[in-house]
Amino acid sequence: MNIDSSQGQMAAFLRDNADKVLARWSELAAAASAARSAEAVRAELSDILTLIIASMSDADESAPGELRAALAELSRSRARAGSTPRETALSVFSAKDAVYELTGGTAEYLAFSRMIDDLGLYTFETYAAAREQIISDQTESMLELSTPVVRLWDGIIAVPLVGTLDSARTQVVMEKMLEALVTLGAEHAVIDITGVPTVDTEVAQHLLKTVMAARLLGAECTISGIRPQIAHTIVSLGIEFGDIATKATLRDALAHALQRSGLKVGPA
Amino acid sequence: MERVPILKIGPTLFVSIQIDLQDDSVLQLQEDLAEELVATGAHGVIIDITAVEIVDSFIGRMLAMIGSISRLFDAETVLVGMRPAVAITLTELGLSLDGVRTALNAEKGLRLLEGRT
């Protein structure tokens with residue numbers, strides 16, 4: 001007996017006993033995921049069972065695709081509702097128990113079991129993919145959030161950096177800062193590194209590159225917010241900032257930038 | 001080969017690059033500029049690269065060299081209107097264009113030169 005014909009027979013069997021299978025399956029699945037009511041589970045599974053039968057009987061070309069889509073939706077909605085992927089997969093796997101009770105371990109059952117295993121694993125895969133998506137979205141928005149460019153004065157902008165500087169972030173910081181320099185026509189930029197926990201040779205290299213790029217545009221950069229420990233590290237590592245102006249605080253950097261623009265702030 | 005025109009405005013030579021720079025047009029510009037500097041005795045050169053979107057290491061080096069050549073004629077070179085992407089490329093290539101000054105736009109470039117001429 002080949003798989004195809006046993007699948008066909010199984011499909012016929014399931015179609016005839018759809019109500020019984022669904023009832024038992026829902027019962028087992030509801031037991032597997034404690035948080036959901038039996039009715040809700042039954043509603044979810046009834047669609048899936050219909051699609052399983054359709055895709056096993058080969059009557060409908062689009063059925064396997066629809067089945068995967070329905071499972072992906074189930075996996076996603078369960079993940080949002082806080083179910084673990086184990087619960088979701090178990091509730092799919094429990095279809096095997098339901099059918100086994102009705103048919104016993106025949107060859108048809110084997111084919112069915114193989115298919116259900118595949119479907120259960122698919123919900124797992126969807127869950128993992130959904131998670132990956134969330135993580136990459138968050139990484140991206142973190143990059144966006146962590147690099148604001150603020151306007152301090154006419155022609156003076158500041159880039160307060162918070163967190164570790166790696167090459168990817170430096171790239172974003174550099175692009176945003178240069179873009180702001182051009183659009184605002186600013187000639188001074190202050191890079192504030194108060195929020196950067198450590199400065200090693202790599203971070204320093206990234207900072208230097210940013211300053212160089214700004215110079216090429218015709219703007220001047222000041223680095224501010226160098227804390228005592230960081231000053232110590234910079235000197236011990238032998239990092240040279242060359243002729244780049246460095247200041248202890250953002251206040252000093254702003255005063256420096258104002259002075260370079262020929263402005264002066266005094267009491268009103 | 002496309003030629004880049006050189007305009008004389010007062011004591012300053014103004015070069016606006018509106019084409020995609022090819023190696024030979026940059027070399028030609030170098031020669032033309034040197035001749036023009038001798039002929040006019042200008043003390044400042046403004047090179048506007050607002051329209052330039054792509055540079056490579058050769059063009060970067062040639063721009064720096066234009067700066068060095070102009071210096072021999074006692075003229076200062078100001079590179080204006082560089083796009084952020086171009087600046088990033090040049091820094092990644094390790095070119096800091098030491099011989100030339102830079103300004104955000106032509107107006108600011110002219111003001112830089114005003115002090116000199």
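The values are calculated or read from the model by the stated rules, or taken from the named source; none is laboratory data. Because the structure is predicted, anything quoted here is derived from the model rather than measured. Methodologically, a virtual Cβ is constructed for each residue, glycine included, from the backbone with ideal geometry; neighbour enumeration extends over all protein chains shown.
General remarks:
- Filtered residue count, the stretch B:87-100, keeping only those that are within 8 Å of chain A (Cβ to nearest Cβ) and either more than 27 Å from B:E36 (Cα to Cα) or buried (at least 24 other Cβ atoms within 10 Å of the Cβ) (or both): 5
- From A:D47, A:D97, A:D58, A:D19, residue being acidic (D, E) and not in a helix (DSSP H, G or I): A:D58
- Note on the stretch A:143-183: residues that are assigned to a helix (DSSP H, G or I) and either within 14 Å of chain B (Cβ to nearest Cβ) or surrounded by 14 or more Cβ atoms within 10 Å (Cβ to Cβ) (or both) amount to 18.
- Residues of the stretch B:46-83 that turn out to be away from chain A (no Cβ under 13 Å), in contact with a strand residue (DSSP E or B) (Cβ under 7 Å, 6 or more places away or on another chain) and under 15 Å from B:V26 (Cα atoms), as a count: 2
- Any hit, the stretch B:36-53, residues being modelled with pLDDT of 90 or more, charged (D, E, K, R), touching a Gly at 6+ places or on another chain (Cβ under 6 Å) and closer than 20 Å to A:L181 by Cα: yes
- Counting the residues of the stretch A:213-236 that are touching a residue at least 12 places away in the same chain (Cβ under 8 Å) and either within 14 Å of chain B (Cβ to nearest Cβ) or closer than 26 Å to B:D98 by Cα (or both) gives 11.
- In the stretch B:20-36, the residues that are farther than 18 Å from B:V80 by Cβ and hydrophobic (A, V, I, L, M, F, W, C): B:L27, B:A34
- Hits in the stretch A:184-206 (condition: among the hydrophobic types (A, V, I, L, M, F, W, C), out of contact with any Phe, Trp or Tyr (no Cβ under 8 Å at 6 or more places or on another chain) and part of a helix (DSSP H, G or I)): A:L184, A:V203
- The set of residues from the stretch A:145-183 being modelled with pLDDT of 85 or more and among the small types (G, A, S) comprises A:G155, A:A158, A:A180.
- Matching option when the condition is more than 14 Å from chain B (Cβ to nearest Cβ) and under 30 Å from B:G67 (Cα atoms), among A:A257, A:A268: A:A257
- Residues satisfying the stated conditions in the stretch A:189-212, i.e. touching a Cys at 6+ places or on another chain (Cβ under 8 Å) and either of a type outside the set (V, I, T) or within 14 Å of another protein chain (Cβ to nearest Cβ) (or both): A:A189, A:T210, A:V211
- Residues of the stretch B:27-42 classified as buried (at least 18 other Cβ atoms within 10 Å of the Cβ) and farther than 22 Å from B:L110 by Cβ, total: 0
- For the stretch A:170-187, the criterion of being in contact with an Asp or Glu (Cβ under 6 Å, 6 or more places away or on another chain), over 26 Å from A:T139 (Cβ atoms) and in contact (Cβ under 8 Å) with a residue 40 or more places away in the chain is satisfied by no residue at all.
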